[in-house]
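Here is the structure we will look at.
The values are calculated or read from the model by the stated rules, or taken from the named source; none is laboratory data. Quick caveat: nothing in here was measured; it's all calculated off a predicted structure. Neighbour counts run over all protein chains shown; Cβ positions are idealised from the backbone, glycine included. The protein model used for the area step is the full one, side chains on, heavy atoms only, and it has no ligands, DNA or RNA in it. Shrake-Rupley method; radii C 1.70, N 1.55, O 1.52, S 1.80 Å.
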Amino acid sequence: MTFVLRRKAARVACFDPGGRILMIRAVDPADASKPPWWELPGGGIDPGETPEQTCLRELREEAGMAEAAMGPCIWTQRAQFRFGGWDFDQTERIHVAHSDGSTELDTKLEALEALAFRGMRWWEVEELLANDEPTVPPRLREFLAPIAAGDYPDPPIDISPPTPHL
């Protein structure tokens, strides 16, 4: 019997004033056979925390961002994956946010994140859409263009992958 970490999580599609989106480069430190990927900042929702608060905390911890203007939840997904030797089954709320692009504060990565993260980058949306490296969420490219244009769905769209990823 395998232990599965079931949790609620939040991610954030954060844009700078030029319309670029922030992505974090990651690898699985427990499985060198997996290719690197680009992911939206995010993580588990702490007790008593809202998804919006989680997004702001994760931007601070993972990207060194002091502040961002949070927008609505645009997507949801159920993500089932193996990372760092752990099996995860999480439901995610993915919000949109806007910032001035400043990431000058020190990050505060957890140990597994410190092993996994290989930097971050502000991507031009067209460039990210043309890139073929894996992303988290896996269907990000499929749904990103309307969000980048300011067209937010209401209610949020379920972008769950058809099968487990990463």
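If we keep just the residues of region 1-16 that are part of a loop (DSSP other than H, G, I, E, B) and open to solvent by 30 Å² or more (accessible area, probe 1.4 Å), which is nearest to residue 62 (Cα to Cα)?
It comes out as 3.
May I ask you to list pairs of residues, at least six apart or on different chains, whose Cβ atoms are under 7 Å apart, with the first in region 133-160 being among the aromatic types (Phe, Trp, Tyr) and the second being assigned to a loop (DSSP other than H, G, I, E, B)?
143/159
Spot the failing condition for residue 74; the list is (1) touching a Lys or Arg at 6+ places or on another chain (Cβ under 8 Å); (2) closer than 21 Å to residue 20 by Cα; (3) buried (at least 16 other Cβ atoms within 10 Å of the Cβ); (4) not basic (Lys, Arg), and only one is missed.
(1)
When region 17-42 is examined, which residues are found to be in a strand (DSSP E or B) and on the phi < 0 side of the Ramachandran plot?
So in region 17-42, the residues in a strand (DSSP E or B) come out as 21-26, 37-39, 42.
Matches in region 17-42: 21, 22, 23, 24, 25, 26, 37, 38, 39.
Would you call residue 48 loosely packed, with under 14 Cβ neighbours inside 10 Å and either in a loop (DSSP other than H, G, I, E, B) or touching a Leu at 6+ places or on another chain (Cβ under 7 Å) (or both)? Please lay out each step first, then the result.
Numbers: loosely packed, with under 14 Cβ neighbours inside 10 Å: yes; either in a loop (DSSP other than H, G, I, E, B) or touching a Leu at 6+ places or on another chain (Cβ under 7 Å) (or both): yes.
Taking the combined requirement at face value, the residue satisfies it.
In region 123-152, which residues are closer than 13 Å to residue 19 by Cβ and open to solvent by less than 40 Å² (accessible area, probe 1.4 Å)?
Once the filter is applied, which keeps residues that are closer than 13 Å to residue 19 by Cβ and open to solvent by less than 40 Å² (accessible area, probe 1.4 Å), region 123-152 yields 123, 125, 128, 144, 147.
Just checking, how many residues over region 42-71 are over 14 Å from the mean Cα position of the chain (by Cα) and within 17 Å of residue 16 (Cα to Cα)?
Adding up the residues that qualify gives 8.
Scanning for something of a type outside the set (Val, Ile, Thr), farther than 13 Å from residue 113 by Cα and free of Cβ contacts under 8 Å to residues at least 24 places away in the same chain, does region 22-29 turn up at least one residue?
Here is the first cut: in region 22-29, the ones of a type outside the set (Val, Ile, Thr) are 22-23, 25-26, 28-29.
Filter once more, so that each one left must be farther than 13 Å from residue 113 by Cα: 22-23.
Then keep just the ones that are free of Cβ contacts under 8 Å to residues at least 24 places away in the same chain; that gives none.
Within region 22-29 (the criterion being of a type outside the set (Val, Ile, Thr), farther than 13 Å from residue 113 by Cα and free of Cβ contacts under 8 Å to residues at least 24 places away in the same chain), the answer is no, since none of the residues qualifies.
Name the residue, out of 57, 93, that is crowded, with 16+ Cβ neighbours inside 10 Å and free of Cβ contacts under 8 Å to residues at least 40 places away in the same chain. Break it down stepwise before answering.
On the way: 93 fails: free of Cβ contacts under 8 Å to residues at least 40 places away in the same chain.
Criteria check complete, one pass: 57.
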